[in-house]
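Each remark here refers to the structure printed beneath this line.
Please treat every number below as a calculation from the coordinates, not as lab data. No experiment lies behind these values; they were computed from the predicted model shown. So basically every Cβ, Gly included, is an ideal-geometry build from the backbone, and we count neighbours across all protein chains shown.
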Amino acid sequence: MWGFDTTNHSVRLQLTLPIRDRQAAANLANALIRKKQDALSLRRTEQQVRLDILNAITNLESSRKSVELAKVQVDLAQKQLDAEQKKYDLGTSIMFYVLDAQQRLTAAESQLVTEYINYHRNRLALLRATGDLLEERGIVLQ
């Protein structure tokens with residue numbers, strides 16, 4: 001009869017070669033660049049916060065000294081007014097000098113009010129820079 005020998009032999013060879021995925025490499029490079037940029041941005045922000053706090057402290061201290069100086073000016077203007085008033089009462093001065101002393105006292109008091117306002121503004125700026133403003137005002141965020 002007719003017979004066929006059907007023995008099959010096969011050899012299989014698999015070769016795997018890494019093919020560079022250019023898109024993945026580009027994504028990785030972009031991610032590394034963004035990471036460095038974010039680190040630099042964070043560092044810049046931290047430095048700016050430190051600078052803002054130092055400036056706020058300096059401004060607050062300057063305002064405190066300005067308030068002290070304005071108080072001295074008010075005290076001096078009050079003493080000058082009292083002296084001019086006594087001179088006027090004794091007849092050794094004229095009303096013009098009394099009114100001038102009153103005007104200088106009013107200007108000194110006005111300057112004191114301005115310095116108090118600046119002091120409180122600078123105090124709020126320091127609280128804002130340190131992040132304590134809401135807590136100082138009793139505001140709680142949820």
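Relative intensity of the chain on a log10 scale, I(q)/I(0) at q = 0.11, 0.17 Å⁻¹, equals -0.76, -1.02, per a Debye sum over C-alpha point scatterers of equal strength in the absence of solvent. Between 0 and 90 degrees, the angle of helix 95-130 with respect to the longest Cα principal axis of the chain falls at about 20 degrees.
Evaluated with a Cβ-only charge set (Lys, Arg +1; Asp, Glu -1), the chain carries a dipole of roughly 740 debye about its Cα centre, given to the nearest 20. In plain terms, the chain from Val11 to Ile94 could stretch by 17.2 nm, reckoned as 0.36 nm per residue minus the Cα-Cα distance.
Given R0 = 22 Å, the distance between the Cβ atoms of Asn55 and Leu76 translates into a calculated FRET efficiency of 0.10. Roughly speaking, what is the centre-to-centre gap between region 103-139 and region 61-81 when only Cα atoms are used, to the nearest Å? If we compute the Cα centre of each part, the gap is 16 Å. At an R0 of 22 angstrom, the distance between the Cβ atoms of Glu136 and Leu40 translates into a FRET efficiency of 0.10.
In the chain, helices alone account for a calculated mean residue ellipticity at 222 nm of -28000 deg cm²/dmol, with every DSSP H run of four or more residues adding -39,500 (n - 2.57).
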